[in-house]
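Read through the structure below, which is laid out as structure tokens, and then see the notes.
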Amino acid sequence: MIRSIIKSTGRYVPDRHVTNHELTEFMDTTNEWIVQRTGIEARYWVKDGDDVGTSDLAFNAAKIALERANWKPEELDLIVFATMTPDVYVPGSGAILQDKLGAKNVPAIDIRQQCTGFIHGLEICDAYIRSEKAKKILLVGAEYQSRYVELTTANRDTAIIFADGAGVACIEALETTDDVGIIASILYADGKYSQSLKFGLPARKSGRAISSALVENKEHFPYMDGKKVFKLAVTRLPKSAEALLQKAKMSIEDIDMFILHQANLRINEAFRERMNIPEENMYNNIQRYGNTTAATIRIAFDEVLEKQMVTAGDTIMFLGLGAGLTWGGVIYKMV
Ligand code: UT7
């Protein structure tokens, strides 16, 4: 049978290291509040004035992942690029990255899916691989969110959380008789909550896509009903983990490592306590990176691999929830 395995990973963050203390210069907040309520101590942002796009962050992470996989860009069958902050609205960043990599004629698709970009991306790669439409796929998650946050007290809930970064995984087809690679996945969406976390411009239901009135109304900044999304996360993540385990015919003890989307450390800690997971079986790095949306799980997984916290035969659960509302998870067995 054919299975999808993660052959290698790579991560990249821009140079500007932004501490919570720096944010207190722009808005009414404190380092203590941010650490207590989110776990975040610092994040990376692109430097103001740097000529960088989301695809450049992705390019740096992709180079590392490709090198580790020992793949040439032109060998790829597909690029899947997850982002909610593309270089430009159209075309997608996948095509821009394809050109930068020199991956001549390799098809590139962009997906949105925000915080669940990695989960949806894995599902798409797995579908391509199992149906024998692709053997080597570059799965990218990259965000340049700092250019969309407003450094004011009114928008401090999003300004303190969102960050820039990229995480890339090389997904490969493996012919095997072993139950390895992507074992099971589960995806959900509930558009009823589409207004709870949104980014209005430049798309519009009606009227002009961009006008000074819309900009005055700050629709070009992200909006988040943090409390609501928090509650949805702490209730839905455990339920989806249980459904995923059931689908894979596994129990929680079979999972060696949990890597969740990094939106708020308190969400992940609530999940860990509710599911009775030992501290050493969950990896968080939001403290150092903030919330890089489509890139969080990939960046965390790259660190887990680098620190050799998992080895062949170990089973990992990836889980995420975010704008849409979309949420879900994947169980992955290391080869
Ligand atoms: O990745 C996408 C998915 N997103 C999420 O999962 C985000 C989920 N939500 C969250 O992470 C949290 O809701 C936030 C971190 C955004 C906010 O934390 P919270 O504990 O829910 O705070 P809150 O909105 O209930 O606000 C509590 C208080 C309020 O003051 P009052 O009304 O009690 O006087 C806020 O005005 O804290 C105030 N506050 C702040 N104070 C200092 C809100 N943001 C800040 C801030 N600094 N940055």
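The values are calculated or read from the model by the stated rules, or taken from the named source; none is laboratory data. As the structure is a computational prediction, the values presented were derived from the model and not from experiment. Here the Cβ positions follow ideal geometry from the backbone for every residue, glycine too, while neighbour counts run over all protein chains shown. Just so you know, the surface numbers come from the protein's heavy atoms only, side chains and all, with ligands and any DNA or RNA stripped out. Shrake-Rupley method; radii C 1.70, N 1.55, O 1.52, S 1.80 Å.
Go through the range 128-160 and give me each residue that's within 11 Å of the ligand (Cβ to nearest atom) and of a type in the set (K, R).
Correct list: R156 only.
Scan the range 65-90 for residues that are open to solvent by less than 10 Å² (accessible area, probe 1.4 Å) and in contact with a Gly (Cβ under 6 Å, 6 or more places away or on another chain) and report the count.
Looking only at that region, the number is 5.
State all residues of the range 156-175 that are out of contact with any Pro (no Cβ under 8 Å at 6 or more places or on another chain) and over 30 Å from E74 (Cβ atoms); if no residue qualifies, say none.
Within the range 156-175, R156, D157, A159, I160, I161, A163 qualify.
Which one of the conditions (1) touching a strand residue (DSSP E or B) at 6+ places or on another chain (Cβ under 8 Å); (2) within 21 Å of T158 (Cα to Cα); (3) surrounded by fewer than 18 Cβ atoms within 10 Å (Cβ to Cβ) does R266 fail to meet, given that it meets all the rest?
Single failed check for R266: (1).
Condition check ((1) under 19 Å from the mean Cα position of the chain (by Cα); (2) of a type in the set (D, E); (3) surrounded by 16 or more Cβ atoms within 10 Å (Cβ to Cβ)) across all residues:
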site	(1), (2), (3)
T152	no, no, no
E172	no, yes, yes
A184	yes, no, yes
R208	no, no, no
S211	no, no, no
V229	yes, no, yes
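Among residues belonging to the range 1-49 that are among the small types (G, A, S) and either open to solvent by less than 60 Å² (accessible area, probe 1.4 Å) or within 20 Å of the chain's Cα centre (by Cα) (or both), point out the one that is nearest to the ligand (Cβ to nearest atom).
Per the criteria, the residue is G39.
Name the residues in the range 28-56 that are among the polar types (S, T, N, Q) and within 30 Å of G102 (Cβ to Cβ), would you?
Matches in the range 28-56: T54, S55.
Taking the range 61-95 as the region of interest, how many residues are among the β-branched types (V, I, T) and either in the same structural domain as A300 (by TED's automatic domain parsing) or more than 26 Å from H261 (Cα to Cα) (or both)?
1
Are any residues in the range 301-327 buried (at least 24 other Cβ atoms within 10 Å of the Cβ) and within 14 Å of the ligand (Cβ to nearest atom), and if so, which ones?
If the condition is that a residue be buried (at least 24 other Cβ atoms within 10 Å of the Cβ) and within 14 Å of the ligand (Cβ to nearest atom), then L319, G320, L321, G322, W327 are the ones that fit.
Given the condition within 20 Å of Q145 (Cβ to Cβ), away from the ligand (no atom under 16 Å from the Cβ) and part of a helix (DSSP H, G or I), answer yes or no: does some residue in the range 195-216 qualify?
The answer is yes; a qualifying residue exists.
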